[in-house]
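Structure, as structure tokens:
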Amino acid sequence: MIDLTLPLQSGMRGVEIEAKRTVKRDGWNASTYHLYSHSGTHMDAPLHFGCTDQTIDEIPLERCIGLAWVADLTHLPSRSIITVEDLGKFAEQLEPGHSLILRTGWSKHVNDPDYYRNELHRIGPALATWCVERQVKMLGVEAPSVADVNSLEELTAIHRILLTGNVIIVEGLANLDQINQDQILFAALPLRIKDGDGSPCRAVALTNPVPDSVAYLLSDRK
């Protein structure tokens with residue numbers, strides 16, 4: 001099992017953690033967390049861009065786990081617009097109900113604010129539409145966004161294609177370089193925040209072979 005989650009810590013984008021209680025003063029340790037809903041490794045709800053009224057707590061748990069293909073795109077230069085052709089063999093192997101994880105190496109630069117703003121690998125409109133047509137369950141990326149955070153037009157267009165098309169977006173993945181196989185069992189579980197537009201989540205990859213019976217239960221093709 002590989003943890004694909006960025007650790008949340010004070011100082012990172014959208015995260016403040018302060019001590020509320022201490023053992024020395026109060027008898028126990030406790031903290032107050034101030035979290036931006038799209039900080040660290042997180043999941044977007046359709047409400048995020050007004051695509052539908054579905055909130056993060058309304059996304060069924062079975063939509064948050066399933067078989068996923070991991071496409072190695074580390075050869076692409078930064079700021080690349082990722083296309084269907086870039087997926088190579090995975091464009092043919094991916095079946096309806098499978099998820100798609102894009103390994104770009106971006107997470108190595110998570111603490112570089114200039115890289116964060118200007119060097120993202122982005123999902124192109126054609127790939128976003130293809131994901132909807134192929135009924136991709138979850139689309140996972142290393143960058144904090146599937147689109148250019150400097151362009152509201154692009155940001156809105158790509159998110160709306162995916163979220164309106166019932167593709168769950170998971171952003172801010174890490175440790176994808178530890179995965180040494182094409183297919184995994186992928187899970188990303190958000191906090192159950194009522195009426196939430198998104199939430200930090202714990203994302204993991206299980207690399208052991210998955211029995212056919214389990215694969216069937218996790219598919220959308222029942």
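The values are calculated or read from the model by the stated rules, or taken from the named source; none is laboratory data. Computed from a prediction, not measured in an experiment: that's the story for all the values here. Glycine also receives a Cβ, built like all others from the backbone with ideal geometry; neighbour counts cover every protein chain displayed.
Overview of results
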item	result
Checklist (1) without any contact (Cβ under 8 Å) to a residue 24 or more places away in the chain; (2) in contact with a strand residue (DSSP E or B) (Cβ under 6 Å, 6 or more places away or on another chain) applied to Glu92, failing item	(2)
Failed criterion for Leu163 (all others in (1) under 18 Å from Thr74 (Cβ atoms); (2) outside any strand (DSSP E or B) hold)	(1)
Among the residues listed as Glu85, Glu133, Glu92, the single one being closer than 26 Å to Leu67 by Cβ, in contact with a helix residue (DSSP H, G or I) (Cβ under 9 Å, 6 or more places away or on another chain), surrounded by fewer than 16 Cβ atoms within 10 Å (Cβ to Cβ) and among the charged types (D, E, K, R)	Glu85
Qualifying residue in segment 76-84 (condition: touching a residue at least 24 places away in the same chain (Cβ under 8 Å), of a type in the set (D, E, K, R) and at positive phi)	yes
Residue among Thr156, Thr104, Thr83, Thr164 that alone is more than 21 Å from His42 (Cβ to Cβ) and not small (Gly, Ala, Ser)	Thr83
Looking only at segment 113-129, and only at residues there that are of a type in the set (A, V, I, L, M, F, W, C) and either surrounded by 15 or more Cβ atoms within 10 Å (Cβ to Cβ) or at pLDDT below 85 (or both), the one that is farthest from Asp86 (Cα to Cα)	Leu120
Search result, residues across segment 132-149 that are more than 20 Å from Ala203 (Cα to Cα) and either in contact with a strand residue (DSSP E or B) (Cβ under 6 Å, 6 or more places away or on another chain) or at pLDDT 95 or above (or both)	Val132, Glu133, Arg134, Gln135, Ala147, Asp148
Residues that are at pLDDT 95 or above and either surrounded by 16 or more Cβ atoms within 10 Å (Cβ to Cβ) or hydroxyl-bearing (Ser, Thr, Tyr) (or both), drawn from segment 190-222	Pro190, Leu191, Ile193, Gly196, Asp197, Gly198, Ser199, Pro200, Cys201, Ala203, Val204, Ala205
Matching residues in segment 95-107 - criterion: being within 16 Å of the chain's Cα centre (by Cα) and either farther than 20 Å from Asn166 by Cβ or surrounded by fewer than 16 Cβ atoms within 10 Å (Cβ to Cβ) (or both)	Arg103, Thr104, Gly105, Trp106, Ser107
Wholly within segment 1-63, strands (runs of 3 or more DSSP E) carrying at least 1 residues that are loosely packed, with under 14 Cβ neighbours inside 10 Å and in contact with a Ser or Thr (Cβ under 6 Å, 6 or more places away or on another chain)	15-21
Only one of Val170, Val110, Val136 that is under 18 Å from Val84 (Cα atoms) and aliphatic (A, V, I, L, M)	Val136
Check on Leu35, in contact with an Asp or Glu (Cβ under 6 Å, 6 or more places away or on another chain), touching a residue at least 60 places away in the same chain (Cβ under 8 Å) and among the hydrophobic types (A, V, I, L, M, F, W, C)	no
Criterion: within 13 Å of Ala68 (Cα to Cα) and of a type in the set (D, E, K, R) - qualifying residue of Asp182, Asp177, Asp195	Asp182
